[in-house]
Amino acid sequence: MLEKQMWLKYAPDLSTEWRQLMEEGKDVESYREVCSAIEALSVTADCESAAFEIYKAMEQAAVRKDYGYQEPSSYAEIREQAPGNEKTDWRGILNEEELKDKIAGAWVGRISGCLLGKPMECLRTGLISQILEQSGHEPLEWYIDSREIPGTLVEKADHDSRAPWRKCWIDRIGESAPIDDDTNYTVLALKLVEEYGADFTPDDVLEAWLYWMPMFSTCTAERAAYRNAAMGMRAPMTAYYKNPYREWIGAQIRGDFFGYINPGHPEDAAGMAWRDASVSHVKNGIYGEMWVAAMLAKAAICDDISEIIETGLREVPPVSRFTEHVRKVMEWYHEGIDKREVFRRIHSRYDEYCQFDWCHTNSNAMIVSACLLYGEKNFAKTIGMAVQNGFDTDCNAATAGSVLGMVLGEKSIPAKWSESYHRKLRTGISGYYEMTIEQLTEKTMALCTDLKDARD
């Protein structure tokens, strides 16, 4: 029922707001108990006004003296700290058929990674491990059929308290990859650029959401921003007002397409990603989308995974939590730390049983980075690793699959991955309800060529 829809009211997640402000360096420790009390009371009473008054008091709190991060949200300030400026003409490296293969690979990687991770979405690693062990999918390198798993375990996964819905195991999907926000946003970005052009604005993004995407296909920060836009707000206020999820993973899953159409131009890809992210996110939430878009722009012309990740980091503020955390994963990898220890360290830093940690941009960016580095450019190994190590499984496998798919090209990805969903994707985006890989690739190539011609 409508009154039970998540992420519309503010008071039920006031403790999330408290944690968000703590992460931003605000001295709000003393508000913890009152936030918890109002959140608990909101189950049976209307606490929206009281919750917002507490937020306003917390927001006025001073930044702690020991807080050393510099994390702007405005594009101009981000550019001051991270000038980027890498520009490479892809036509000096690739011919059009080679680029087309890479773009097709990125689409296949995103869709296939999302589909692999979707049955595990919201499950924690303990249950994921049980499913993999009892289905014979340890390590995970292929889609799971529900008939491979003991019935009681399927029932447990289907009705897990964090995700009480029937899971889309591969035997349940039908003739195409099912609707998912991780692919909806990629297709929405395609339509956005087709309709508004490459110089679209943040308000164009909000208008596109309201026109072409149902509200309840959004989650967390996007649903809060959608609600705010429907009330008449414009960006960037839509990202701030009653939105405690503003550094969560939502924007990080939306940036791929801007990388697809800017091969060799990570700065331009990151700029488009900022315009998209700033309607719903701030600081590290924005950086995640800029990082992904820049990585994909670089991945079109480079097969060095470390350099691809580093290119993404050059587009975001260097003295940020995001950069610190992703760079830590890179350090562990180059020090020769075993991958199991790396994932253990990520889990010790971020608690998967805490929704804030589980959904945060940074925890999931660390998982994506580790999978790309330790996956050794093996498609199945990389996206499988992104699922079995938990956190936001479909998001992370989709992002890792997209980046690696761009590096490899579709010809280097076994055809069975896309043939399992008949090379078709269903979406919730108006006018694009079912698309083939071929259609998505052709449309992307057309925009990519248009942008290249405009630069010339």
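The values are calculated or read from the model by the stated rules, or taken from the named source; none is laboratory data. Predicted model only: the values in this text are computed from it and were never measured. Counting neighbours? That spans all protein chains shown, and the Cβs are built from the backbone with ideal geometry, glycine included. Note: areas computed on protein heavy atoms with side chains; ligands, DNA, RNA excluded. Shrake-Rupley method; radii C 1.70, N 1.55, O 1.52, S 1.80 Å.
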Original post:
Could you list, in sequence order, the residues of segment 68-115 that are without any contact (Cβ under 8 Å) to a residue 24 or more places away in the chain, within 22 Å of residue 260 (Cα to Cα) and part of a helix (DSSP H, G or I)?
Top reply: 79, 92, 97
Original post:
Restricting the search to segment 28-75, which residues are out of contact with any helix residue (DSSP H, G or I) (no Cβ under 6 Å at 6 or more places or on another chain) and of a type in the set (Asp, Glu)?
Top reply: 29, 33, 46, 53, 59, 66
Subject >> Within segment 392-416, tally of residues that are buried (at least 24 other Cβ atoms within 10 Å of the Cβ), touching an Asp or Glu at 6+ places or on another chain (Cβ under 8 Å), of a type outside the set (A, V, I, L, M) and within 21 Å of residue 100 (Cβ to Cβ) >> reply: 1
**OP:** Kindly list the number of the only condition in (1) in a helix (DSSP H, G or I); (2) of a type in the set (Phe, Trp, Tyr); (3) open to solvent by 10 Å² or more (accessible area, probe 1.4 Å) that fails for residue 322.
**Re:** (3)
**OP:** Determine whether residue 354 is modelled with pLDDT of 95 or more and touching a strand residue (DSSP E or B) at 6+ places or on another chain (Cβ under 6 Å).
**Re:** no
**OP:** Please tell me if residue 191 is under 28 Å from residue 258 (Cα atoms), of a type in the set (Lys, Arg) and part of a helix (DSSP H, G or I).
**Re:** yes
Original post:
How many residues are in a helix (DSSP H, G or I), more than 22 Å from residue 314 (Cα to Cα) and open to solvent by 10 Å² or more (accessible area, probe 1.4 Å) when one looks only at segment 232-270?
Top reply: 2
Original post:
Scanning segment 128-156 for residues that are under 23 Å from the mean Cα position of the chain (by Cα) and open to solvent by less than 20 Å² (accessible area, probe 1.4 Å), which turns out nearest to residue 436 (Cα to Cα)?
Top reply: 143
**OP:** Kindly provide the set of residues from segment 274-284 that are among the basic types (Lys, Arg) and either within 15 Å of the chain's Cα centre (by Cα) or outside any helix (DSSP H, G or I) (or both), ordered by number.
**Re:** 283
Original post:
Say we look at segment 1-59 and pick out the residues that are among the polar types (S, T, N, Q) and in contact with an Asp or Glu (Cβ under 9 Å, 6 or more places away or on another chain); which of these is nearest to residue 218 (Cα to Cα)?
Top reply: 16
Subject >> Residue list for segment 280-310, restricted to those being more than 21 Å from residue 395 (Cβ to Cβ) and crowded, with 24+ Cβ neighbours inside 10 Å >> reply: 300
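In the set 84, 113, 109, 105, which member is open to solvent by 30 Å² or more (accessible area, probe 1.4 Å), closer than 17 Å to residue 292 by Cα and in contact with a helix residue (DSSP H, G or I) (Cβ under 6 Å, 6 or more places away or on another chain)?
The unique qualifying residue is 84.
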Original post:
Can residue 51 be described as surrounded by fewer than 17 Cβ atoms within 10 Å (Cβ to Cβ) and not in a loop (DSSP other than H, G, I, E, B)?
Top reply: no
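Does residue 65 count as of a type outside the set (Gly, Ala, Ser), in a helix (DSSP H, G or I) and out of contact with any Pro (no Cβ under 7 Å at 6 or more places or on another chain)?
no
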**OP:** Specify which of the listed residues (390, 336) is closer than 16 Å to residue 139 by Cα and either touching a His at 6+ places or on another chain (Cβ under 9 Å) or free of Cβ contacts under 8 Å to residues at least 24 places away in the same chain (or both).
**Re:** 390
**OP:** Those residues that are touching a Ser or Thr at 6+ places or on another chain (Cβ under 9 Å) and either in contact (Cβ under 8 Å) with a residue 60 or more places away in the chain or surrounded by 20 or more Cβ atoms within 10 Å (Cβ to Cβ) (or both), I need them from segment 16-37; list them, please.
**Re:** 18, 35
Subject >> Extreme residue, nearest to residue 114 (Cα to Cα), among residues of segment 147-181 that are assigned to a strand (DSSP E or B) and at pLDDT below 90 >> reply: 163
Original post:
Inside segment 174-199, can you point out the residues that are surrounded by fewer than 18 Cβ atoms within 10 Å (Cβ to Cβ), touching a residue at least 40 places away in the same chain (Cβ under 8 Å) and either farther than 13 Å from residue 427 by Cα or in contact with a helix residue (DSSP H, G or I) (Cβ under 6 Å, 6 or more places away or on another chain) (or both)?
Top reply: 175, 194, 198
**OP:** Would you tally the residues in segment 341-391 being open to solvent by less than 10 Å² (accessible area, probe 1.4 Å), within 16 Å of residue 123 (Cα to Cα) and not in a helix (DSSP H, G or I)?
**Re:** 3
Subject >> Given (1) in contact (Cβ under 8 Å) with a residue 60 or more places away in the chain; (2) in contact with a helix residue (DSSP H, G or I) (Cβ under 8 Å, 6 or more places away or on another chain), index of the condition residue 119 fails >> reply: (1)
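Condition check ((1) outside any helix (DSSP H, G or I); (2) under 20 Å from residue 89 (Cβ atoms)) across all residues:
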{"site": "272", "(1), (2)": "no, yes"}
{"site": "288", "(1), (2)": "no, no"}
{"site": "309", "(1), (2)": "no, no"}
{"site": "337", "(1), (2)": "yes, no"}
